[in-house]
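Working notes for the structure below.
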Amino acid sequence: MREELHSCAATRRGGQHRRLIVLTLLLPPFGRNTWALLTRAWAPAFAVGLLFPLAAQAAPTVGVRTQPQFEAALTALRHTGGEIDLLPNLYRRRLLVTGRFGGPLKIVAREGARVQRLLLYRTRGVSVGPLRLVPLTGDARIRVRASRNVVLHDLLVSAEGTRWSAGVEVPDSRWISIRRSTFTHCGDRAPNWSNCLLLRNRSYHVTIARSWFHDCYGCDFVHGRIGAHLTVRGSKFERALPCRLEDLDMRLVRLYLGKYASVRCDHQDHIELFSGDYMRFEHNEFGVYRRGGAQLYVTGESRHDLIANNVFHGTDPRLRGYHARVGILVGGNGGGPVPTFARIVHNRIYTGARRIDGYAASISISRAYLWRLPAAARPLIAHNVIGLLATRQPLCSGAKMIDNVILRGGCGR
């Protein structure tokens, strides 16, 4: 056995292998073949454990109950990363995470913990969740600022029963993922515009996956604009409905919104985005909205967006007798930029009812496509089930319609 070890030491030079040989002296003797297999399989792991002992250990976990303890935990984990457990308490003061860490950082809120404000600023490699975000003394927010590689998962975001709002904001970050989260009642009685998820145009590579947005009064579920690469996949959107002005503090509504105070409760879309290149909306399910533009509303300067394999429902058993008007709206009616090279393919769009202005179709596009853009840049609408197409223009002439099944109406004369 010792001759084999000396031979191994002679043929494999370097500090890593000398340490490995010392370890083997503590092991029971094996046959030549068994020892060779174990050496090949375990040598990398042994080397990591010897050269980077901190990496081989389990990441530390620190439990906290207050905002000062949270700051102290961040300092303690700065060089190693690890997990911070928010123990049951009401976290009214802002929790701030900034700077880099020596390893991944996890923030986990235990049952009974309620967080009002969390700011991730100039950081990376951070995951948050499970976590319950609720207003305690004011509006509740998770803001992800100037950061990258952040995962928000298993969130419960709600302002139900309060006069404040709750939501997530991503103004200027990259590679942000929101997964398996629930957003509901994000600002039913808030005096200002309310959005469950607000995006800004300096953000890139944002993913929303397997999340549930439901029952919000006077809000958009997803709102704003993005630089490029938004993906919304496998999520469900249900019941974006009007709030009631009599339930709001109109003095504050007028203070925040000015001349727009009277339309505070006319702002309900599931998704409303004003710019963003290479956005993808795939395998989602859309329920009803009321007094808004559409279930999925994309306008402004936007290129190469894809809307594919989604289901749009026009009715809801909880809202008997009501039928949502428009499933997909691409481009506004003003003179501004409109999306180019958009593709709407393989969707089932059962939504469709006559609007107050007389328009009756499941899909609405800007009239600018009739004259302002070349044919190649117009929307491609192919292989869909379309519930209603009673108003033929501008859809039939302004888009490339290929092999769609139209349940009511059509582009024929």
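Coordinate-derived values only; no laboratory data. Here the structure is a predicted model, which is why all the values come from computation and not from measurement. Glycine gets a Cβ as well: all are built from the backbone with ideal geometry, and neighbour counts include every protein chain shown.
The label point for GLU71 and the one for ARG93, both projected 7 Å from the Cα toward the Cβ, are 0.6 nm apart. When all alpha carbon pairs of the stretch 160-221 are counted in 10 Å bins from zero, the resulting P(r) reads 23, 48, 27, 2 %.
Under a Cβ-Cβ cut-off of 15 Å, what is the net charge of the residues other than CYS219 that fall near it, where Lys and Arg count +1 and Asp and Glu count -1? Before the final figure, lay out each step's value.
Working: positive: ARG141, ARG163, ARG189, ARG239, ARG244, ARG264, ARG290, ARG291; negative: ASP139, GLU160, GLU169, ASP188, ASP215, ASP220, GLU238, ASP247, ASP266, ASP269, GLU272.
For residues surrounding CYS219, the net value is -3.
Computed over the stretch 202-312, the convex hull of the alpha-carbon atoms projects to a mean area of 7.2 nm². The stretch between ARG367 and CYS396 holds 9.3 nm of extra length on full extension. This uses 0.36 nm per residue minus the Cα-Cα distance.
State, as an integer percentage, the relative contact order of the chain based on alpha-carbon contacts under 8 Å between residues 6 or more apart. Numbers along the way, then the final one.
Values: 1144 pairs, mean separation 28.6, N = 413.
Averaging sequence separation for qualifying contacts and normalising by length gives 7 percent for the chain.
Placing +1 on the Cβ of every Lys and Arg and -1 on the Cβ of every Asp and Glu, with nothing else charged, gives the chain a dipole about its Cα centre of roughly 580 debye.
In whole Å, how far is the Cα centre of the stretch 170-249 from that of the stretch 279-323? Between the Cα centre of the stretch 170-249 and that of the stretch 279-323, the gap is 13 Å. Computed about the Cα centre, the dipole magnitude for the stretch 110-187 is approximately 300 debye when only Lys and Arg (+1) and Asp and Glu (-1) carry charge, each at its Cβ. Full extension of the segment from GLU282 to LYS259, taken as 0.36 nm per residue of separation minus the current Cα-Cα distance, would add 4.6 nm.
Each residue, ARG233 and GLU301, gets one label point 7 Å from its Cα in the Cβ direction; the gap between the two is 2.8 nm. Along its principal axes, the stretch 329-370 has C-alpha extents of 28, 28, 13 angstrom, given from the largest down. When all alpha carbon pairs of the chain are counted in 10 Å bins from zero, the resulting P(r) reads 5, 19, 24, 19, 13, 9, 6, 4, 1, 0 %.
Between ALA308 and THR137, the simple spin-label model (points 7 angstrom out along Cα→Cβ) gives 5.0 nm.
The translational diffusion coefficient of the stretch 260-349, from Stokes-Einstein at 4 °C and 1.567 mPa s with a Kirkwood hydrodynamic radius over alpha carbon pairs, comes to 94 µm²/s. Along the axis of the charge dipole computed for the stretch 140-292 (Cβ charges of +1 for Lys and Arg, -1 for Asp and Glu, origin at the Cα centre), the listed residues SER235, LEU198, VAL150 are led at the positive end by VAL150. Were the residues from CYS411 through ALA376 laid out at 0.36 nm apart, the gain over their Cα-Cα distance would be 10.6 nm.
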